[in-house]
1. Could you list, in sequence order, the residues of the stretch 28-83 that are part of a loop (DSSP other than H, G, I, E, B) and open to solvent by 40 Å² or more (accessible area, probe 1.4 Å)?
2. Every residue in the stretch 11-35 that is touching a residue at least 60 places away in the same chain (Cβ under 8 Å) and out of contact with any Lys or Arg (no Cβ under 6 Å at 6 or more places or on another chain), please.
3. Restricting attention to the stretch 238-248, does a residue exist that is within 21 Å of Leu113 (Cβ to Cβ) and either in contact with a strand residue (DSSP E or B) (Cβ under 7 Å, 6 or more places away or on another chain) or open to solvent by less than 10 Å² (accessible area, probe 1.4 Å) (or both)?
4. Just to be sure before I move on: is Arg320 open to solvent by 10 Å² or more (accessible area, probe 1.4 Å), of a type in the set (D, E, K, R), under 13 Å from Asp156 (Cα atoms) and part of a helix (DSSP H, G or I) in the structure I sent?
5. If you check Gly326 against the conditions, is it outside any loop (DSSP other than H, G, I, E, B) and open to solvent by 10 Å² or more (accessible area, probe 1.4 Å)?
6. Quick one: is Leu198 within 20 Å of the chain's Cα centre (by Cα) and crowded, with 23+ Cβ neighbours inside 10 Å?
7. Of the residues Gln217, Gln202, which is of a type in the set (S, T, N, Q) and without any contact (Cβ under 8 Å) to a residue 24 or more places away in the chain?
8. Identify the single condition in (1) under 19 Å from Leu69 (Cα atoms); (2) of a type in the set (A, V, I, L, M, F, W, C); (3) out of contact with any helix residue (DSSP H, G or I) (no Cβ under 6 Å at 6 or more places or on another chain) that Leu271 does not satisfy, given that it satisfies every other one.
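The values are calculated or read from the model by the stated rules, or taken from the named source; none is laboratory data. Bear in mind that the values here come from a model prediction, so they are computed numbers and not experimental data. So basically every Cβ, Gly included, is an ideal-geometry build from the backbone, and we count neighbours across all protein chains shown. These area figures cover heavy atoms from the full protein model, side chains too; ligands, DNA and RNA do not enter into them. Shrake-Rupley method; radii C 1.70, N 1.55, O 1.52, S 1.80 Å.
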Amino acid sequence: MHFHLTEEQKAIQGAVRGTLAESWPMERIHAFADGDEDFDRASWDALMALGLGGMLVPDSGMGLLDAALVCEVVGEAAAAGPLIGQLLAVAAVAASGKGDAEALASGTKVATLLHGGSDYAPSARAADLFLIVDRAGGIRLVPAAEATIEPVKAADRTRPMSKVTIADDAGEILFTASDPMTARLADAALVLVAADALGGAQKVTDMSVAYAREREQFGQPIGRFQALKHQLAHMALDVEPARALVWYAAYAWDAQLPDAPRAAAMAKAHLCDVYVRATRAAVAAHGGIGYTWEYGLNYWFRRAMADRAWLGSPAEHRARAATLAGW
C-alpha cells in the first residue's frame, strides 16, 4: 500500500474543497440552519457535477479510500446532503444489478442511509430512495413513496434528520443477511462516517490554531501562552495519528483484507471519540466567542455528537472489534 496520497487523490480532495468553499460558505450554512429544509440542492448538485456519485461503482477505478477522502473534506466543510447514503446506494445497486445505478451516480435520484436498528435518516424529505443496511436483515432499497417521514428537531443543524417508518416487506431486497456484500457495505458505512469525523476534527483544530494566532491579550497573540500551546498540541496529537486509522480501514476494505471488518469498527469508534474531544477543546480554546451562534463552531460540535451516535456508539464498535480479534 501507499503511505501517502497520490497526486490524483490530492486533486480530488482539492476539487471537492474548492467546490464546497464556493457553494457552502459559512453564510450559506447559517441560512440553511435557520431554515426548515433538510437538503441543499445547490451544494449537492455542485458535488455531483464532480462525478462523486459513481466512485464506488466497480468499474470506476476508485474505491472506498477515495470515497473516504471525499467524505473527509465534506466533514471538514460540515456540508449538508446524504453523501454517505448516496455512495453506498450506488455501490449496492451496481453490485446487485437491481435498480437505476446511473441515476444515483449522477445525483439525479437521491438516496439516504437508514441503518438497521434506527428509525432516523438524514435528508429524508428530499430522498427518492432509502437504503436500509442491516447486518441481521440484509440490504433493501425502498422508494420514498413506501415510507412515512416525520421531521424531527435534530441537534446537527447541518444534517437534519427525520423519523422514517417503513414496512418490513417494503422495497426490494438487494442482498440477504448471509450475503457477504451486506457485511461489507455495513463496514463501508462505518469507514465513511469515521472519515467525516476526521475531517471535522481537523477543521476545528485548524480553526483553533488560526484563532490563537489572531486573538490578542495583554498585547500579544494568545497562542504564545503556554497553557493554550499545550492544549492545541494535544488536539493535533489526537487528530493526526487517527488519520492513518481511517485510511487503513478504507484500504483494508478495498483490498478485502482479513482484518477489514475490525479496522472499520475501530475507525468508527476512535474517530468519533476524537471528533467529540476536538470540538470540546476547540470551544474551550476560543473562549466566549466559541459559544456564539454567529461564529459557527457549534455546527461542528453538533455534528461530532451526531457522528458519535450514528450507526452505533464507540462502545458498541469497540466491543465488536474485540470480538473480531478473539479477545
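1. Looking only at the stretch 28-83, we keep the residues that are part of a loop (DSSP other than H, G, I, E, B), and these are 35-40, 49-51, 55-57, 61-63, 78-82.
Within the stretch 28-83, Gly35, Asp36, Glu37, Ala49, Leu50, Gly51, Gly61, Met62 meet the criteria.
2. Of the stretch 11-35, the ones touching a residue at least 60 places away in the same chain (Cβ under 8 Å) are 13, 17, 26, 29-30, 32-33.
Gln13, Arg17, Met26, Ile29, His30, Phe32, listed by residue number.
3. Keep residues of the stretch 238-248 that are within 21 Å of Leu113 (Cβ to Cβ), which gives 246.
Checking the rest, the ones that are also either in contact with a strand residue (DSSP E or B) (Cβ under 7 Å, 6 or more places away or on another chain) or open to solvent by less than 10 Å² (accessible area, probe 1.4 Å) (or both) come to 246.
Yes - at least one qualifying residue is present in the stretch 238-248.
4. Values: open to solvent by 10 Å² or more (accessible area, probe 1.4 Å): yes; of a type in the set (D, E, K, R): yes; under 13 Å from Asp156 (Cα atoms): no; part of a helix (DSSP H, G or I): yes.
Judged against the criteria, Arg320 is not a match.
5. Working: outside any loop (DSSP other than H, G, I, E, B): no; open to solvent by 10 Å² or more (accessible area, probe 1.4 Å): yes.
Considered against the rule, which asks whether it is outside any loop (DSSP other than H, G, I, E, B) and open to solvent by 10 Å² or more (accessible area, probe 1.4 Å), Gly326 comes out as no.
6. Working: within 20 Å of the chain's Cα centre (by Cα): yes; crowded, with 23+ Cβ neighbours inside 10 Å: yes.
Yes; evaluated as a whole, the condition is true for this residue.
7. On the way: Gln202 fails: without any contact (Cβ under 8 Å) to a residue 24 or more places away in the chain.
Exactly one residue qualifies, and that residue is Gln217.
8. The failed condition is (3).
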